[in-house]
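Here the structure comes first, spelled out in structure tokens, and everything after it is commentary.
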Amino acid sequence: MANDLRGPAIGPSVSEILASHASGTGSPAKTAARVADAIAARGDDGTWLSTRDDLIAAAEEIERRPGARTLPLYGVPFGVKDSIDVAGYPTTLSCPDYSYVATATAPAVQKLIDAGGLYVGKTNLDQFATGLNGTRTPHTIPRSVYGGGMISGGSSSGSALAVALGQVPFAVATDTAGSGRVPAALNGVVGVKPSRGLISTVGLVPACRSLDCLSVMAGTVDDVDRVLDIMIGRDDGDPWSRDRGPRFAGGAIRVALPPESELEFFGDDGMRHAHMAFREHLARTHATVEVSLEPFLAAGELLYQGPWVAERLVEFGDFLAERPESIHPVVRQIFEGGHKYTAVDAFAALQKLQELKARVGRLWQQMDVLVVPTIGTTFTVDEVLAAPIDCNTMLGHYTHFGNLLDLLGVAIPLGVTADGRPYSAMLLGNALTDDTVLQLAAQLLDEPRSTGTSHPSVSPSTTTCPAQERL
């Protein structure tokens, strides 16, 4: 396994792969062979839990599909987090004793396959999607592409790595409390948690059903746009499903920044200095207003210090009772903690959350996007194993409140700190303002972006710069 990486090595983008397939310089089968070779060269590094044996044959089948060359993802490879069903393949949630073979494909993933996408395999995760660090797995613990024994982040650890290693241009992940944004930050890729309900969660084994989202990891905002345009759509089988909000209408985007005194970096001066330098750059290019983080953070405290922990028992309570020894010790401890909450606790928390939602709702009258760090600090694998709960809480400081407050979030890579660790900003928007937030993300990453229209099936990109060089 290669151990000398010091940052992401983003591979060909969706548009570049489509262009190569259209021109004949490449083909889905050639792309599949490249992906298979790249995965094999790494060995068991904790990125993938399974990959399909018939990858090249599946690519050749796509080539033979009538009208395949006009499909928006013609032969484009992608990975899927192993908590999401793909028919005929195991769904394990990183727990071998929980494993089952799916009989149907999650509708959101099926849309990608119908669009010509090439399913590669299942990516690693914190067991039962419970954690933000990537160490809660019985399999090989993945590491960040920045080296130094740093965690990959979780729970969508493998999805971020598959993109950061250049193996696939995008991967499907999930994000309940930051599971898509934290690993994106720790591996230098773009991580997008759209508004809840835009992407169907049918076929996802739920962590907290009322909060779960499917998310997307990619190397560029353009790739995210292409994938979201395919995945987003109402699904009457999902009771949380809703229609997409308006496209960005143009004009200035009102950017809000918290007071510096409210930002928490947990003693990490390198991350503080990097983020404050980014804020200075942002203030030079955009008009900004100051908005307190207090109600956001208060909502975040409800997630793991409130009854939402108990919601995980709706799905996993029986398995916990019958097979406790099969569950990772830290995950088991979290599940068992859900038993202490009562119905009174749940209603009290719901009432408190509603008060906080009202306060935050008024703040959106003066801003379009709130910008915060994605993570305040980084950890090594050894540090997380020594203090698994405390480290995880710090990793979720800026992400835990997102779904509780019905926000969307986009994590964008901004480079490295003075000592070579990744830092990332998170752009938060009110529900259904996804396109506006993505527009700001593209501006900050200096990516061209067409608004209000879907991408054609083949559109060569003019932006190929790696994530760590964008700003």
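The values are calculated or read from the model by the stated rules, or taken from the named source; none is laboratory data. Fair warning: this is a prediction, and the values are worked out from it, not measured in the lab. Backbone-built Cβ (ideal geometry, glycine too); neighbour counts: all protein chains shown. Surface accessibility is based on the protein's heavy atoms, side chains included, excluding ligands, DNA and RNA. Shrake-Rupley method; radii C 1.70, N 1.55, O 1.52, S 1.80 Å.
Observations on the model:
- Local charge for Gly148 was computed over the other residues whose Cβ lies under 10 Å away, with Lys and Arg +1 and Asp and Glu -1, and equals +2.
- Distance between the modelled labels on Arg362 and Glu301, one decimal in nanometres: 2.0 nm (7 Å Cα→Cβ projection).
- Cα gyration tensor, region 44-144 - rounded (a/c under 1.5), prolate or oblate: prolate
- Linear extension gain, Glu336 paired with Ala249, 0.36 nm per residue minus alpha-carbon span: 26.6 nm
- Each part gets one Cα centre, and for region 396-414 versus region 41-66 those centres are 32 Å apart.
- Here region 418-445 and region 178-196 have alpha carbon centers that stand 10 Å from each other.
- For the chain, the fraction of 1.4 Å probe accessible surface lying on carbon and sulfur atoms is 52 percent.
- Distance (nanometres) between label positions extended 7 Å along Cα→Cβ at Gln354 and Thr285: 4.2
- Correct choice for percent of Cα pairs over 41 Å apart that was computed from the model, options (1) 15; (2) 24; (3) 10: (3)
- FRET efficiency for Ala346 and Ile389, using Cβ-Cβ distance with R0 set to 25 Å, rounded to 0.05: 0.70
- Beyond 29 Å in Cα-Cα separation lie the following of the pairs Lys111/Lys340; Lys111/Lys193; Lys122/Lys193; Lys30/Lys193; Lys122/Lys357: Lys111/Lys340; Lys30/Lys193; Lys122/Lys357.
- Extension reserve of the Ser326-Asp446 stretch, reckoned as 0.36 nm per residue once the Cα distance is removed: 38.5 nm
- Taking a Cβ cut-off of under 14 Å around Pro373, the surrounding Lys, Arg, Asp and Glu residues balance to a net charge of -1, with basic ones at +1 and acidic ones at -1.
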